[in-house]
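Have a look at the structure below, then the notes.
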Ligand SMILES: [Zn+2]
């Protein structure tokens, strides 16, 4: 038909040199985090990324971990390499696919006489000192991961508050650091729980 002849042919696009979506190999130096922690506990930027090598961006959980470690450096808190290895494994988990507790214990704590206790202490330190939103769930899919969205965090807080696995102060500090809007909501709940007679400010705000 005539109309076909009048339509301009679609322009042929040259093949891009680096097509978008092409997989970049996972960085062997930093596992795509963009940094590592040396055995001496020092923060070190990934040398490959620094040199401008092709490098993936960190995952959302990786970014949360990166912010937490940068904060430790700023607060001059010693970074315990062992804790960092555990945190890095947690960053590989998600709410849908958490890292199983036994795997974490077998991979990191069997050197100790009481691996379970040491494991729980590590998770507690990651929450209370590193201010990492470490999610945990006993029901399937059970395990541990680093929380990256507010909804998931709210669900974890509901679980954590019903079973005293984590102190309210820690929950609040982690919320303030990572999910400030949710922290405000928690503060409102504190006020409501305190009732109209009590006008004292809840003692849980630590910057
Ligand atoms: Zn790297």
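Observations
- For beta carbons closer than 6 Å, sequence separation of 6+ or different chains, a first residue in the stretch 19-31 that is under 15 Å from residue 59 (Cβ atoms) and within 10 Å of the ligand (Cβ to nearest atom) and a second that is assigned to a loop (DSSP other than H, G, I, E, B) and modelled with pLDDT of 90 or more, the qualifying pairs are 26/32; 27/55; 30/46.
- Among the residues of the stretch 38-50, those identified as more than 20 Å from the chain's Cα centre (by Cα) and more than 10 Å from the ligand (Cβ to nearest atom) are 39, 40.
- Identity of the residue in the stretch 157-205, farther than 24 Å from residue 60 by Cα and touching a helix residue (DSSP H, G or I) at 6+ places or on another chain (Cβ under 6 Å), that ends up modelled with the lowest pLDDT: 204
- When the residues of the stretch 127-144 are filtered to those that are out of contact with any helix residue (DSSP H, G or I) (no Cβ under 6 Å at 6 or more places or on another chain) and under 18 Å from residue 170 (Cβ atoms), the one that is surrounded by the most Cβ atoms within 10 Å (Cβ to Cβ) is 136.
- The single residue among 95, 66, 114 that is surrounded by 13 or more Cβ atoms within 10 Å (Cβ to Cβ) and either within 14 Å of the ligand (Cβ to nearest atom) or free of Cβ contacts under 8 Å to residues at least 40 places away in the same chain (or both) turns out to be 66.
The values are calculated or read from the model by the stated rules, or taken from the named source; none is laboratory data. A quick note: this is a predicted structure, and the numbers were derived from the prediction, not measured. Don't worry about glycine lacking a Cβ; one is built from the backbone with ideal geometry, like all the others, and counts go over all protein chains shown.
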